[in-house]
Amino acid sequence: MTTGKVKGIISNLVTVEADGPVAQNEICYISIGEEKLMAEVLKVNGDSVFVQVFESTRGMKVGNDVEFSGHMLEVTLGPGMLSRNYDGLQNDLDKMEGVFLKRGTYNFPLDREKLWNFKPIAKEGDAVEAASWLGEVEENHQPHKIMVPFVMQGVFTVKSIAKAGQYRIEDTIAVIVDKEGKEHEITMIQKWPVKKAINVHREKPRPFRLLETGIRIIDTANPIVEGGTGFIPGPFGTGKTVLQHSISKQADADIVIMAACGERANEVVEIFVEYPKLDDPHTGRKLMERTIIIANTSNMPVAAREASVYTAMTIAEYYRAMGLKILLMADSTSRWAQALREMSNRMEELPGQDAFPMDLSAIIGAFYSRAGFVYLKNGKTGSITFIGTVSPAGGNLKEPVTEGTKKAARCFYALEQSRADRKRYPAVNPIDSYSKYIEYPEFEEYIKTKIEGDWIGKVNKMKTMLQRGKEVQEQIDILGDDGVPTAYHVTFWKSEVIDYVILQQDAFDPIDCVCPLERQEYMFDIVMDICDREYEFSDFNEVSDYFKKLINVCKQMNYSEFKSEKFEEYRKQVEVILNR
């Protein structure tokens, strides 16, 4: 085992003189009295090794002993992760004592003593390889597959498999034999380095299936697909966190993973307190049963903050290999990028724009590429849909993190301060936002199986009307109501109908908070019928009064149960107004 001595300290960056070989990204432990602090190798230069410590380095001094572990930062994967609260190093926060984490304290992330009902899938004599399903257990009403460890290479033969029954996670449930005749005992758990993607699938095609979120401004205007990537930039107070929580609660996913990366402590506590109370609309149980939270607050060291997003992604890849649909939410990737900047500056690397690392775009792109829709080797499908938030300083969407993320993510949901100030939630700018998936032929073919007619053509027509409405509004603001023709007011109010009825949605209303695709299609057709008609009015006041009545009735439809008596009553009122 390689050892070393501390010879330099700059905050969390420590220089170590090693007495043997050291690998990039290897984990080491620095002794400070009785404490051993975990650190990761960033750079090796001869005998000098630069490591970033995941804890506070207060009290560390030159000469402290260092032990290198011989492996990278890893997560432990197995049954029992659902409904857990972890930090970026996969320490179970519920096992920690007190409000603040004690330095140098690490724990095992799973329950070693719990018994799981194992059911075999493979049988003796079967040929298996990495990620092949050997059996399954039930984890919070979800099928949790027990797989051949991802690190194993080649084809193996199952020599024996445990019978159905109760086992602990460290009990041997199978014995497999390699080509040389060597036996390998398999348990329910395995380990994998967080910064290395788990590529155990057969094929990774371009994603095409619509991921229903129940949010109209996403599903209708800028859809995201199962296995797709998106991000939500916006200044403070525009509703990034609320939008993420709405998506995580309502989206069609088997597992939800929340990565709170560098968030303020009060927001993280809010997640811990509120999530266990949320009802899951898909199962009728609690949402926390199928959720994992990875939390690193802004007062934690930057190294741990950086690790949290990789830990979350690796856990997501593990569940994807089981053929499940995973929704991964990161809040916020800006804090992750700031952690990269701090470490880059301490390493005295050549800075890029705004002092971020020169390869920031490449780092962001490599991380986003780990999401996706896959075909497993057994023919099943799995997916990771990744949506991150970005907190640009001063709401500047031209800063490096936003620009770098734009190149990697396929969906862009720009939150706008002016919409939030006018209480138009979700405060997503419908013109600046986009979804590149709507341009894919695969998506176009898929959406035809879900919605009749030229849906994409109508969506593009809607966006054109919104753009024209914005242009007209600017002219009215400059010239006044009497300074433009009545037809201009009609154009403006058509865009307002779209905004109020389709784009705005009440996240706290029991009915309007989630809008199924069938209801979205129905309401969208009504709104586009309103906008397609020709109108003649004597003055702008008559235009305003007419469309305000329509907006009011249509909003009441959104608050009514779909196709109920009340809903049908409002629909008839719309027809009466249109046929005035």
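Quick notes on this one:
- Asn25 being on the phi > 0 side of the Ramachandran plot and of a type outside the set (Lys, Arg): yes
- Flag if Lys494 is closer than 28 Å to Gly228 by Cα and either among the basic types (Lys, Arg) or more than 34 Å from the chain's Cα centre (by Cα) (or both): no
- Close pairs from region 96-119: first at positive phi, partner modelled with pLDDT of 80 or more, Cβ under 7 Å, at least 6 apart: Gly104/Glu35; Gly104/Lys36; Gly104/Leu37; Gly104/Glu55
- For region 404-435, the set of residues classified as more than 18 Å from Ile498 (Cα to Cα) and open to solvent by 60 Å² or more (accessible area, probe 1.4 Å) consists of Lys407, Arg410, Gln417, Asp421, listed by residue number.
- Those residues of region 293-307 which are in a helix (DSSP H, G or I) and closer than 23 Å to Gly234 by Cβ, in sequence order: Arg305, Glu306
Yes/no matrix, rows are residues, columns are (1) surrounded by 17 or more Cβ atoms within 10 Å (Cβ to Cβ); (2) touching a strand residue (DSSP E or B) at 6+ places or on another chain (Cβ under 9 Å); (3) touching a residue at least 40 places away in the same chain (Cβ under 8 Å); (4) not in a loop (DSSP other than H, G, I, E, B):
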site	(1), (2), (3), (4)
Phe150	yes, yes, yes, no
Thr157	no, yes, no, yes
Lys163	no, yes, yes, no
Ile169	yes, yes, yes, no
Thr172	no, yes, no, no
Ile176	yes, yes, yes, yes
His184	no, yes, no, yes
Ile198	yes, yes, yes, no
Pro205	no, yes, yes, no
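- Residue within region 284-305 that is over 27 Å from Glu226 (Cβ atoms) and modelled with pLDDT of 80 or more present: yes
- Residue match in region 265-280 (condition: assigned to a helix (DSSP H, G or I) and modelled with pLDDT of 85 or more): no
- Looking only at region 542-580, and only at residues there that are aromatic (Phe, Trp, Tyr) and assigned to a helix (DSSP H, G or I), the one that is most open to solvent (accessible area, probe 1.4 Å): Tyr570
- Residue check for Gly125: out of contact with any helix residue (DSSP H, G or I) (no Cβ under 7 Å at 6 or more places or on another chain), open to solvent by 20 Å² or more (accessible area, probe 1.4 Å) and of a type outside the set (D, E, K, R): yes
- The conditions of being touching a strand residue (DSSP E or B) at 6+ places or on another chain (Cβ under 7 Å), at pLDDT 95 or above and not hydroxyl-bearing (Ser, Thr, Tyr) are met by Phe118.
- A search for C-beta distances below 8 Å between a residue of region 468-484 that is of a type in the set (D, E, K, R) and any residue that is open to solvent by less than 70 Å² (accessible area, probe 1.4 Å), counting only pairs 6+ apart in sequence or on different chains, returns Arg468/Thr491; Arg468/Ser495; Lys470/Ile431; Lys470/Ser495; Asp481/His489; Asp481/Phe540; Asp482/Phe540.
Table: residues versus (1) under 19 Å from Pro109 (Cα atoms); (2) in contact with a helix residue (DSSP H, G or I) (Cβ under 6 Å, 6 or more places away or on another chain); (3) part of a strand (DSSP E or B).
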{"position": "Gly8", "(1), (2), (3)": "no, no, yes"}
{"position": "Ile27", "(1), (2), (3)": "yes, no, yes"}
{"position": "Ile30", "(1), (2), (3)": "no, no, yes"}
{"position": "Phe50", "(1), (2), (3)": "no, no, yes"}
{"position": "Gly59", "(1), (2), (3)": "no, no, no"}
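The values are calculated or read from the model by the stated rules, or taken from the named source; none is laboratory data. Quantities reported herein were computed from a predicted structural model and do not represent experimental measurements. When we count neighbours, we look across all protein chains shown, and the Cβ atoms used for this are built from the backbone with ideal geometry, even at glycine. With ligands, DNA and RNA removed, areas are computed over all heavy atoms of the protein, side chains included. Shrake-Rupley method; radii C 1.70, N 1.55, O 1.52, S 1.80 Å.
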